[in-house]
Amino acid sequence: MKYRKSKQRDKIYNLLKNTDSHPSASWIYEKLKKEDRKLSLGTVYRNLKILKEQGLIKKLDIGTGFDRFECKTGKHNHLICEECGSVKDIELNTKDFPYAEIERLTGFSISTHRIEFFGLCDKCKNN
Ligand SMILES: [Zn+2]
Ligand SMILES: [Zn+2]
């Protein structure tokens, strides 16, 4: 699907490109509202949806209660702090995972997997 170019969407995309904090839609909204008073949270959501459809961003599904977004669309895993909700990227070598073994044992056909780590981040651990 084709979309008209949008300045607001460009800004959202650039903001996501320049942060690794996996922000929520409302964080993006608060940031951009400062320079664009006409911006609404609905517009942010709509543009995030379009960016996702275009494959430019990813929506995280990590059960923190609200949607979070990131620009890094390649395969990677997350470290999620249960105290402050911060999300950190980690790249694991999952090539050696025993997919074939699991499929043989279960008859299940695996298309992908997801590994997220939950715990305390460095900051919260030392508090
Ligand atoms: Zn933390
Ligand atoms: Zn990430």
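The values are calculated or read from the model by the stated rules, or taken from the named source; none is laboratory data. Just so it is clear, the structure is predicted and the values come from calculations on it, not from any experiment. Glycine gets a Cβ as well: all are built from the backbone with ideal geometry, and neighbour counts include every protein chain shown. Accessible surface areas use protein heavy atoms only, side chains included; no ligands, DNA or RNA. Shrake-Rupley method; radii C 1.70, N 1.55, O 1.52, S 1.80 Å.
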Report summary line: Residue pairs qualifying under the 8 Å Cβ cut-off, at least six apart or on distinct chains, with the first in segment 1-21 being closer than 18 Å to K59 by Cβ and free of Cβ contacts under 8 Å to residues at least 60 places away in the same chain and the second being in a loop (DSSP other than H, G, I, E, B) and open to solvent by 60 Å² or more (accessible area, probe 1.4 Å), are Y3/Q54; R9/Y3; Y13/L56
Query raised in the report: What's the number of the condition L39 fails, among (1) aliphatic (A, V, I, L, M); (2) within 18 Å of the chain's Cα centre (by Cα); (3) away from ligand 1 (no atom under 16 Å from the Cβ)?
Result: (2)
Report summary line: Selection over segment 102-127 where residues are away from ligand 1 (no atom under 16 Å from the Cβ) and of a type in the set (F, W, Y) yields a count of 1
Query - Every pair of residues 6+ apart whose Cβ atoms lie under 8 Å, when the first sits in segment 96-124 and is within 22 Å of D61 (Cα to Cα) while the second is open to solvent by 100 Å² or more (accessible area, probe 1.4 Å) and within 16 Å of ligand 1 (Cβ to nearest atom) - result: F118/E82; G119/E82; L120/E82; L120/E83; C121/E83; C121/K88
